[in-house]
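Please read the structure below before turning to the comments.
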Amino acid sequence: MASIQDVANLAQVSTATVSHVLNDTAYVSPRLRDRVLRAVRQLGYQPNALARSLRTKQTKTIGIVIPDITNPFFPAVVRGAEDVLSSRGYTLIIGNSDNDVEKEAQYYRTFAARRVDGILFIISASTHAPDFLRGHDAKNTPIVYVDRSYRGATGDVVLADNERGAYEAVSHLIKTGRKHIGIITGPQVLRNAMLRLEGYRQALLEYEVELSQDLVREGQFDEESGYLQAGLLLNSKSRPDAVFVSNALMTMGCLRALTERRVRVPEEIALVSFDDLEWFAYTSPSITAVAQPAYELGARGAEVLLKRITGELTGPYRRLALRTSLIVRTSTAPVQCENTTF
Ligand code: RIB
C-alpha cells in the first residue's frame with residue numbers, strides 16, 4: 001500500500017506539502033496541488049483516517065439518532081441532513097432508537113467511541129434529558145436537537161412551528177363550519193405534541209368555539225393509538241364534527257376507525273392530519289394536512305451543527321422554528337347548508 005512518502009517522491013514535494021493538500025491545512029499552489037493529487041490517484045494512496053483524526057482532532061463523522069426508522073417523517077429528515085453533511089465531506093452514522101432511551105444511550109456511547117464531531121438528535125418521548133447526557137461535553141461534541149427537544153436541552157434546536165401549524169389547521173376547520181372539533185394529540189411528554197395541542201386551544205379560543213375536554217384524546221404518535229382514540233372520540237357524548245390528528249401515523253389509525261364505522265368524511269366528520277404523506281393526495285377523500293418541512297429540518301439542523309463544530313456559531317443556543325404549510329384537500333370540504341342531502 002502506497003505511503004505518504006511515496007506520494008511525495010512521485011510528486012517531487014515534501015510529505016508536509018502532501019499533508020497540507022489532503023487536509024486543506026495550508027495554502028499550496030495549484031501547480032503543486034495538481035501534482036500531489038495526480039500522484040495520489042496514480043498510487044491509489046489512502047490516508048490513514050485514524051492518524052488524520054488524531055492530528056486534526058476531527059473524524060469528519062456525525063451521528064444522528066432517530067426514534068422510528070419505519071415512520072416516513074424521520075428518513076426525510078435524515079435525507080436533508082445527509083445531503084448537507086456529505087457535501088461538506090462528512091459521513092453520517094444513523095442510529096434508530098425505537099423510542100427506547102436505553103437504545104439512545106447505546107448509540108450515544110457508540111458515537112463517543114467513534115469520536116464523532118457532532119450529534120443530531122431526535123429524542124424519544126421523554127420530558128427531560130436522560131442520564132447519559134448529564135455531563136455531556138457540548139463544547140467538544142455539539143448536539144443539535146431536531147424536531148423535538150428537552151426542557152433546558154444543552155444544544156441548538158431546529159423544529160417546525162408546531163403551534164402555528166396546528167392553529168392554522170384548526171382555524172381552517174372552523175372556517176369550513178365545524179363547531180365540535182376533536183383532537184388526538186401526540187404523547188404529552190413531547191414538546192412538539194404539547195405545542196400542537198396549544199395551537200388547537202388557541203384557535204378554539206380565538207374563534208370562541210367551545211373546548212370540550214371529552215373531545216381531547218392523547219395518542220402515542222402511532223397507528224394503533226390513532227385507531228383507539230378515534231373510536232373513543234366517536235363514542236363521546238359530544239360527538240365531533242371534525243378531528244385534528246397530531247401526526248400522520250395516528251391519522252391512518254383514525255381513518256381505519258372512521259372507515260370501519262362507515263363514517264362519511266367530510267360530510268359527517270372533517271379530518272386534518274399534522275404531517276402530510278404523499279398518498280394523502282390520492283385517498284378518497286384526499287386528506288387535508290399540515291406539511292412539516294422534514295427535509296429542511298434535517299438540512300438546517302446539519303448546517304447549525306457544522307457551524308458549531310467549525311466555531312462559526314458560538315454563544316447562546318439558538319431555536320430555529322420553520323414554517324409549516326396547510327395543504328387543503330377534500331377531507332375538510334365546507335359543511336353544506338342543512339337541507340342538502342349528500
Ligand atoms: O410522526 C412522527 C411525529 O413525531 C412527527 O409529527 C414529528 O414531528 C415527530 O416528532
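The numbers here are math on the coordinates, done by the rules we state, and not lab data. Note that this is a predicted model, so its numbers are computed, not measured. With ideal geometry, Cβ positions are generated from the backbone for all residues, glycine too; neighbour counts draw on all protein chains shown.
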Quick one: dipole size for the stretch 281-330, taken about the Cα centre, charges +1 on Lys/Arg Cβ and -1 on Asp/Glu Cβ, in debye to the nearest 20.
140
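Suppose every Lys and Arg Cβ carries +1 and every Asp and Glu Cβ carries -1, with no other charges. What dipole size does the chain come out with about its Cα centre, to the nearest 20 debye? Let's see the in-between values first.
Values: 40 positive and 38 negative charges, 289 e Å.
It works out to roughly 1380 debye.
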Along the charge dipole of the chain, Cβ charges K/R +1 and D/E -1, which of Ser273, Val189, Leu258 sits furthest on the positive end?
Val189
The local net charge around Phe121, scoring Lys/Arg +1 and Asp/Glu -1 for residues other than Phe121 whose Cβ lies under 11 Å from its Cβ, equals -2
q = 0.08, 0.11 Å⁻¹, the chain: log10 I(q)/I(0) [Debye, one scatterer per Cα]
-0.49, -0.76
Which net charge results when you count Lys and Arg as +1 and Asp and Glu as -1 among the other residues whose beta-carbon is under 14 Å from that of Ala270?
+3
Once phi is turned into θ = phi - 60°, what whole-Hz ³J(HN,Hα) does the Karplus curve with 6.51, -1.76 and 1.60 give for every residue of the stretch 8-18, x standing for Gly and Pro?
4, 4, 5, 8, 6, 9, 7, 5, 5, 5, 4
Can you give the charge dipole size of the stretch 81-231 about its Cα centre, rounded to the nearest 20 debye, using +1 on the beta carbon of Lys and Arg and -1 on the beta carbon of Asp and Glu?
340
Gln5-Glu208 pseudo-label distance in nm [points 7 Å out on the Cα-to-Cβ vector]:
8.8
Pop a pseudo-label 7 angstrom from the Cα along the beta-carbon direction at both Asp100 and Arg262 and give the gap in nm to one decimal.
4.3
Only bridges with both residues in the chain count here: give the DSSP antiparallel percent, nearest 5.
10
Going highest first, how would you order 328-335, 167-174 by mean Cβ packing within 10 Å?
167-174, 328-335
Provide the gained length on full extension for the span Lys237 to Thr70, in nm with one decimal, where the gain is 0.36 nm per separating residue minus the Cα-Cα distance.
56.6 nm
Applied in sequence order to the stretch 143-149, the curve 6.51 cos²θ - 1.76 cosθ + 1.60 (Karplus, θ = phi - 60°) yields integer Hz couplings, x standing for Gly and Pro, of 10, 10, 8, 10, 6, 9, 8
What are the extents of the Cα atoms of the stretch 65-119 along their three principal axes, in Å, largest first?
32, 29, 10
What's the angle, to the nearest 10 degrees (0 to 90), between helix 248-260's Cα axis and the longest principal axis of the chain?
30
Show the residues, 5+ positions off or on another chain, whose built amide H is closer than 5 Å to the amide H of Ser286.
Thr330, Ser331
